[in-house]
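To start, the structure under review is shown below, and the notes come after it.
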Amino acid sequence: MILLDGKKTSNDIKNEITAAVQEMKDKGEKVPHLAAIIVGNDGASLTYVGSKVRACERVGFESTLIKMPNTTSETELLKEIKKLNQNPEIDGFIVQLPLPKQIDTQKVLMAVDPDKDVDGFHPTNFGRMALDMSTFIPATPFGILELLERYNIETKGKHTVVIGRSHIVGRPMSILMGRKGFPGNSTVTLTHSQTKNITQITSQADIIISALGVPGFLKAEMVKDDAVIIDVGITRVPDESAAKGYYITGDVDFENVSKKVSAITPVPGGVGPMTIAMLLKNTLLARERHRV
Ligand code: GUN
């Protein structure tokens, strides 16, 4: 069984990005600059955004964190987005999700300049992805592709089953795995909460990508021998004995599933760290595109 080590792979990628930034510095060029807007004080979101800013520092990027209160209106947020769109210093930016309920998320994502949309959430970029055009691929799906590629996991002609149809992971993943090229060329089944007999479907899968957010959902009896398992679930389970007051767990019953499969991502240390590395990669890409 191969453990698909996202922590190590993401470190490799960050080292490659650091080298590219050093090269830019040596040539006297501007280095990539990522900005992040966070609205409100959700603990998990603050942690994620903090990790993104630290990752920028580590690879030598400039970063700007814009914190807005939970009571921020849609108009105020749109004004901040407009400023970032117009600021030539900023190569790419993200609006951390979820947003407070008074704000229309779709409207906000549509306001981001597609050329600075390093999350790849703008409909223009989503469409470009579906049409095999150059774009920003959303960081989590991009990270999964990168893991499959670097571990040389065969995807051509394989049956890939995606669990969950979120706009951030499941839906784009189902498109990407069916595209031409590597990783891709899979036959894809997209399953979700209304899917009947899911075990019948998952037990035929060569590759399972689970992005459901239900701890321990994928059990050993739902998986065929030698399948490849990608666990995108990151759920915080409260636990007073843990140092942070919670522990992180995935969608997969790792202990039992790992015994019968050919490759699997751990949680934590699998897909999670890859997501941040690919956001950095998209920001580097944005800088390179803005240069020409
Ligand atoms: N919330 C959960 N995942 C993400 C992500 O990839 N980007 C942003 N902006 N917010 C998120």
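The values are calculated or read from the model by the stated rules, or taken from the named source; none is laboratory data. Predicted, not measured: the structure shown is a model, and the values here were computed from it. Positions of Cβ are generated from backbone atoms using ideal geometry, with glycine treated the same way; all protein chains shown enter the neighbour counts.
Return a yes/no flag: does the range 22-29 have any residue that is more than 30 Å from I264 (Cβ to Cβ), touching a helix residue (DSSP H, G or I) at 6+ places or on another chain (Cβ under 9 Å) and either at pLDDT 95 or above or β-branched (V, I, T) (or both). Taking every residue of the range 22-29 in turn, at least one turns out to be more than 30 Å from I264 (Cβ to Cβ), touching a helix residue (DSSP H, G or I) at 6+ places or on another chain (Cβ under 9 Å) and either at pLDDT 95 or above or β-branched (V, I, T) (or both).
Each residue in the range 260-279 was checked for being touching a Lys or Arg at 6+ places or on another chain (Cβ under 7 Å) and within 16 Å of the ligand (Cβ to nearest atom), and 4 pass.
Of the residues that sit in the range 100-113 and are of a type outside the set (D, E, K, R) and not in a loop (DSSP other than H, G, I, E, B), which one is farthest from the chain's Cα centre (by Cα)? Write out each step before concluding.
Quick first cut of the range 100-113, residues of a type outside the set (D, E, K, R) only: 100, 102-103, 105-106, 108-112.
Keeping just the survivors that are not in a loop (DSSP other than H, G, I, E, B) gives 105-106, 108-111.
Numbers: T105: 18, Q106: 18, V108: 19, L109: 16, M110: 19, A111: 21 Å.
Per the stated criteria, the residue is A111.
Report whether or not A243 is farther than 21 Å from T191 by Cβ, within 16 Å of the ligand (Cβ to nearest atom) and either touching a residue at least 24 places away in the same chain (Cβ under 8 Å) or more than 16 Å from the chain's Cα centre (by Cα) (or both). First the steps, then the outcome.
Values: farther than 21 Å from T191 by Cβ: yes; within 16 Å of the ligand (Cβ to nearest atom): no; either touching a residue at least 24 places away in the same chain (Cβ under 8 Å) or more than 16 Å from the chain's Cα centre (by Cα) (or both): yes.
Here the answer is no, as A243 does not meet what is asked.
Would you check which residues across the range 101-113 are more than 11 Å from the ligand (Cβ to nearest atom) and surrounded by fewer than 17 Cβ atoms within 10 Å (Cβ to Cβ) and list them? K101, Q102, D104, Q106, K107, M110, D113 - these are the residues of the range 101-113 that are more than 11 Å from the ligand (Cβ to nearest atom) and surrounded by fewer than 17 Cβ atoms within 10 Å (Cβ to Cβ).
Among the residues of the range 82-110, those that are over 18 Å from H290 (Cα atoms) and hydrophobic (A, V, I, L, M, F, W, C) comprise V95, L97, L99, I103, V108, L109, M110. Contact map, the range 77-93: first residue exposed (fewer than 13 other Cβ atoms within 10 Å of the Cβ), second residue in a strand (DSSP E or B) and not small (G, A, S), Cβ cut-off under 6 Å, separation 6 or more or different chains; pairs are E89/H33.
Residues of the range 52-69 that are exposed (fewer than 15 other Cβ atoms within 10 Å of the Cβ) and either in a strand (DSSP E or B) or within 13 Å of the ligand (Cβ to nearest atom) (or both): K67 alone.
Here D117 clears all of (1) within 15 Å of the ligand (Cβ to nearest atom); (2) of a type in the set (D, E); (3) under 24 Å from T265 (Cα atoms) except the condition numbered (3). Exactly one residue among I17, I38 is modelled with pLDDT of 95 or more and more than 16 Å from the ligand (Cβ to nearest atom), and that residue is I17. Contact map, the range 128-146: first residue in the same structural domain as R179 (by TED's automatic domain parsing), second residue hydroxyl-bearing (S, T, Y) and away from the ligand (no atom under 15 Å from the Cβ), Cβ cut-off under 8 Å, separation 6 or more or different chains; pairs are E146/T9.
Pairs meeting the criteria (first residue in the range 1-22 and closer than 23 Å to I209 by Cβ, second residue among the charged types (D, E, K, R) and assigned to a helix (DSSP H, G or I), beta carbons under 6 Å, at least 6 apart or on different chains) are T9/R150. The sole residue among T18, T47 that is under 24 Å from P141 (Cβ atoms) and surrounded by fewer than 13 Cβ atoms within 10 Å (Cβ to Cβ) is T47. Against the numbered list (1) out of contact with any helix residue (DSSP H, G or I) (no Cβ under 9 Å at 6 or more places or on another chain); (2) modelled with pLDDT of 95 or more; (3) more than 30 Å from S134 (Cα to Cα); (4) surrounded by fewer than 17 Cβ atoms within 10 Å (Cβ to Cβ), K244 comes up short only at (2). Of all residues in the range 120-175, exactly one satisfies the criterion of being away from the ligand (no atom under 16 Å from the Cβ), part of a loop (DSSP other than H, G, I, E, B) and under 20 Å from I198 (Cα atoms), namely K158.
For L97, state whether it is in a loop (DSSP other than H, G, I, E, B) and either under 18 Å from S166 (Cα atoms) or at pLDDT below 95 (or both).
Numbers: in a loop (DSSP other than H, G, I, E, B): yes; either under 18 Å from S166 (Cα atoms) or at pLDDT below 95 (or both): yes.
Against the criterion (in a loop (DSSP other than H, G, I, E, B) and either under 18 Å from S166 (Cα atoms) or at pLDDT below 95 (or both)), L97 qualifies.
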